[in-house]
Amino acid sequence: MMDAVNAHRKLDADFLDALEALAAAPAPNWWRDVLANDDLFIAIRRNSLNVYYRGASIFKIDWNGGHIVPFTHAKYLIRQAQTYVPLIDGQFQHPATALTWERYEGEETLRQMMRAATPFAGAEKSGLHPLLVGDPAIIDAEIALTRTATEEATTQQQDRLDVAVIRNTQVGQEIVFCEAKHFTNAALRASGDNLPAVIGQIEDYEKALTKYAASLAEGYVEVAKALVRINAMKGLARNGDAPALHDAIRQIAENGTRPVIDTKPHLLIFGFDKAQRDDLAWKKHLEKLESQLGGRVRAIGNPTRQSVAIR
């Protein structure tokens with residue numbers, strides 16, 4: 001059997017030590033700037049981190065041969081310059097360095113990378129973003145799980161759940177996974193007695209979560225430990241003002257107790273106003289979703305940083 005922790009997420013102690021040293025290093029320092037920015041979400045992978053802004057991974061940070069190696073996509077390095085470039089004899093006359101960042105030059109570089117990423121974010125990722133960075137119970141995002149091939153699908157498929165939420169229950173800490181859909185997504189609706197496509201999607205996610213439940217539980221112990229360390233690094237980057245960390249994350253990190261994995265995903269619906277919420281046609285679709293998913297449907301409206309994914 002594959003090692004449960006290696007199968008999913010864990011940061012080596014040396015990697016965390018190197019990140020901590022970088023957090024204490026002087027500016028310009030891209031890692032300190034990431035830690036100090038409240039508009040970024042850091043997700044733990046296997047000896048890797050993803051730094052998300054509106055669903056875009058503006059940094060993928062790997063631990064390679066004992067070195068921290070950050071990657072970013074070239075499209076996020078476009079300078080947002082307000083300047084005119086002449087076109088002479090079919091050639092634009094501009095220095096290449098005027099349009100792209102060649103060096104990391106501090107917080108302004110990070111801000112412009114985030115600005116460059118904004119057009120690539122769709123309605124769902126942009127709409128979910130305030131909740132993602134505002135709800136301290138969200139422990140993970142963009143969770144990829146490989147689904148075993150079936151008779152219908154001869155090749156392996158990858159499921160990608162939007163959000164993982166930690167919560168305290170009477171039996172201990174629990175991880176709940178959520179699929180997030182914008183109100184306008186056609187997968188939320190179906191005519192007649194047909195079921196909305198999102199129901200089949202959630203059923204597939206349930207199969208994947210059931211398959212990986214044990215290794216996910218083990219992995220989230222490691223995630224909790226890493227998040228406690230990273231939260232302390234945020235304190236270094238913010239002159240001692242570390243953000244609040246959910247108590248369930250600290251408890252798992254301190255006790256090493258595996259959380260319960262809820263294998264039945266929840267559905268988050270957002271991106272609607274009062275008139276859309278009260279529309280009779282929509283209410284019929286919502287009733288159909290609730291009849292299939294029971295208490296696992298949460299219609300948020302337009303998320304803010306004060307919204308919570310799971311009540």
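Look at segment 120-137: where a residue is over 15 Å from ILE42 (Cα atoms) and a partner is among the β-branched types (Val, Ile, Thr) and in a helix (DSSP H, G or I), sitting 6+ places away or on another chain with Cβ atoms under 9 Å, you get SER126/THR118. The set of residues from segment 262-293 being of a type in the set (Val, Ile, Thr) and either crowded, with 20+ Cβ neighbours inside 10 Å or outside any strand (DSSP E or B) (or both) comprises just one member, ILE269. Comparison of ALA214, ALA248, ALA253 shows that the only residue that is modelled with pLDDT under 95 and over 30 Å from ASN194 (Cβ atoms) is ALA214. Could you tell me whether GLY240 is at pLDDT below 95, over 18 Å from LYS125 (Cα atoms) and not polar (S, T, N, Q)? For GLY240, the condition - at pLDDT below 95, over 18 Å from LYS125 (Cα atoms) and not polar (S, T, N, Q) - is met.
Within this structure, GLU174 fails the test of being surrounded by fewer than 16 Cβ atoms within 10 Å (Cβ to Cβ), modelled with pLDDT of 95 or more and more than 20 Å from ARG46 (Cα to Cα). Restricting GLY301, GLY200 to residues that are at positive phi and free of Cβ contacts under 8 Å to residues at least 40 places away in the same chain narrows the list to GLY301.
The conditions of being in contact (Cβ under 8 Å) with a residue 12 or more places away in the chain, closer than 24 Å to PHE272 by Cα and of a type in the set (Lys, Arg) are not met by ARG167.
Can you name the residue in segment 177-197 that is part of a loop (DSSP other than H, G, I, E, B) and free of Cβ contacts under 8 Å to residues at least 40 places away in the same chain and is also most open to solvent (accessible area, probe 1.4 Å) among such residues? Lay out the reasoning, then the answer.
Residues of segment 177-197 part of a loop (DSSP other than H, G, I, E, B): 183-185, 189-196.
Within this subset, residues satisfying the condition of being free of Cβ contacts under 8 Å to residues at least 40 places away in the same chain are 191-194.
Numbers: SER191: 82, GLY192: 64, ASP193: 154, ASN194: 93 Å².
Per the stated criteria, the residue is ASP193.
Take LEU16 and tell me if it is modelled with pLDDT of 95 or more and surrounded by fewer than 19 Cβ atoms within 10 Å (Cβ to Cβ). Taking the combined requirement at face value, the residue satisfies it.
Within segment 238-255, the set of residues being open to solvent by less than 80 Å² (accessible area, probe 1.4 Å) and of a type in the set (S, T, N, Q) comprises just one member, GLN251. If the condition is being out of contact with any Pro (no Cβ under 8 Å at 6 or more places or on another chain) and over 30 Å from ARG258 (Cβ atoms), then segment 152-192 contributes GLU152, ALA153, THR154, THR155, HIS182, PHE183, THR184, ASN185, ALA186, SER191, GLY192. Scanning segment 34-66 for residues that are more than 15 Å from MET113 (Cβ to Cβ), open to solvent by 20 Å² or more (accessible area, probe 1.4 Å) and in contact (Cβ under 8 Å) with a residue 40 or more places away in the chain returns ASP38, ARG46, TRP63, GLY66.
The values are calculated or read from the model by the stated rules, or taken from the named source; none is laboratory data. What you are looking at is a predicted structure, and each value in this text was computed from that prediction instead of being measured. Using ideal geometry, Cβ is built from the backbone for each residue, glycine included, and neighbour counts are taken over all protein chains shown. Please note that ligands, DNA and RNA were not included when accessible areas were found on the heavy atoms of the full protein model with its side chains. Shrake-Rupley method; radii C 1.70, N 1.55, O 1.52, S 1.80 Å.
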